[in-house]
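Written out below as structure tokens is the structure these notes cover.
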């Protein structure tokens, strides 16, 4: 159906753009805690070690959201779950501005994390099912590139708002922006045709034909026989051959990449300061990192469509590990910012490619479950990464040692990706 298209239809562009926009909100809502951590820590006298707990609790929420909430998209649909995630993200981030203690901050970050974690899985799933087969890798990567764009733009906003109006204004801004996407989702986002056809909820044929007609494609006279009873799916179905080995390797790659990535994104301002940058330039380090990430993700999407997904991911991650190892040998504001940009290019480009791998490994009926659990398991690494990073920073470990410590899992993830075998993964 959509896989046979040679050109992408206007409705598909709209759906892809909305998913890109939602991932921008995702990136903003994740990074807002990093951009405000110095201000909150100073105001509340919170140590780096205790703030590592805040980062990790938020990531625990993301893991649970990815594993438990996004899998419901295989039952109730992609669009309803995306709406729920936007609602949960928007309100919990907005009300973080009213937190008065560390425990309240932890609570709000946990609930916002649930929405954030599920949103990433649902948007990548929907995009994979709306994109033509030939360009699927590119469009999934493009949508996920919204994440660093949102993170970078929110960093620019943070440099203005926090200094003049206080850290609370960043949460007002991020929460309100996310809530404004709810009417856009309701009015313009369409349900996945593959989901309607293959899982067959109530009135599936009529709903699918309405969307096909909007796209000026041939409508269906009847629905095909269902292959999997979606209501009975669980994580165990991901470990049925021939998916079992691919699932284990994919989860391993996600785990290792998440640990390194969230160590970096959570502690970039602090690492940049320790590397000799001023407080104002430390925020720009996060902006440069995410600018590099956006370029890297788009580049990876293009290259993987032409040279093979697994090979491109491996090269990106190995290259990133080398940059991290040599980070401590370069000094000066310009070189430090440039290295953050290049590391963002490599780690985010390679990491986001794993979403495309996950989208290709699993069939439509269990794709939300497959992507969600891969992300959720991977976020266990994201939980421990910032926490370990906080302990290393608090202990006085050098920036060079921190980077070398997390370069190792990045390199291993690159090699592991090469061994993920599936008929649909190049």
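Couple of notes before you dig in:
- Scanning the stretch 292-312 finds one or more residues that are closer than 27 Å to residue 41 by Cβ, part of a helix (DSSP H, G or I) and under 20 Å from the mean Cα position of the chain (by Cα).
- Of all the residues in the stretch 160-171, those that are farther than 17 Å from residue 287 by Cβ and over 22 Å from the mean Cα position of the chain (by Cα) number 6.
- Figure legend. Inter-residue proximity from the stretch 214-243: first residues on the phi < 0 side of the Ramachandran plot and surrounded by 12 or more Cβ atoms within 10 Å (Cβ to Cβ), second residues modelled with pLDDT of 75 or more and in a loop (DSSP other than H, G, I, E, B), beta-carbon distance below 6 Å, spacing 6+ or different chains. Indicated pairs: 215/9; 223/200; 226/200.
- Residues that are free of Cβ contacts under 8 Å to residues at least 24 places away in the same chain, surrounded by 13 or more Cβ atoms within 10 Å (Cβ to Cβ) and out of contact with any helix residue (DSSP H, G or I) (no Cβ under 6 Å at 6 or more places or on another chain) within the stretch 181-211 comprise 205, 209, 210, listed in sequence order.
- Filter result for the condition that a residue is under 22 Å from the mean Cα position of the chain (by Cα), modelled with pLDDT of 85 or more and closer than 20 Å to residue 260 by Cα, over 283, 318, 287: 318
- The stretch 86-110, residues that are surrounded by fewer than 23 Cβ atoms within 10 Å (Cβ to Cβ), more than 19 Å from the chain's Cα centre (by Cα) and assigned to a helix (DSSP H, G or I): 91, 94, 95, 102, 103, 104, 105, 106, 107
- Residue within the stretch 16-33 that is surrounded by fewer than 20 Cβ atoms within 10 Å (Cβ to Cβ) and either without any contact (Cβ under 8 Å) to a residue 24 or more places away in the chain or over 14 Å from the mean Cα position of the chain (by Cα) (or both) present: yes
- Residue 114 falls short on exactly one of the conditions (1) part of a helix (DSSP H, G or I); (2) free of Cβ contacts under 8 Å to residues at least 60 places away in the same chain; (3) over 20 Å from residue 379 (Cβ atoms), and that condition is (3).
Conditions tested, residue by residue: (1) in contact with a helix residue (DSSP H, G or I) (Cβ under 6 Å, 6 or more places away or on another chain); (2) touching a residue at least 40 places away in the same chain (Cβ under 8 Å).
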residue: 276; (1), (2): no, yes
residue: 334; (1), (2): no, no
residue: 365; (1), (2): yes, yes
residue: 374; (1), (2): yes, yes
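- Flag if residue 83 is modelled with pLDDT of 85 or more, surrounded by fewer than 19 Cβ atoms within 10 Å (Cβ to Cβ), within 28 Å of residue 202 (Cα to Cα) and touching a helix residue (DSSP H, G or I) at 6+ places or on another chain (Cβ under 8 Å): yes
- Number of residues in the stretch 225-247 that are part of a helix (DSSP H, G or I) and at pLDDT 75 or above: the value is 9.
The values are calculated or read from the model by the stated rules, or taken from the named source; none is laboratory data. Small disclaimer: the values here were computed from a predicted structure and weren't measured. Cβ sites come from the backbone with ideal geometry, for glycine too, and all protein chains shown count toward neighbours.
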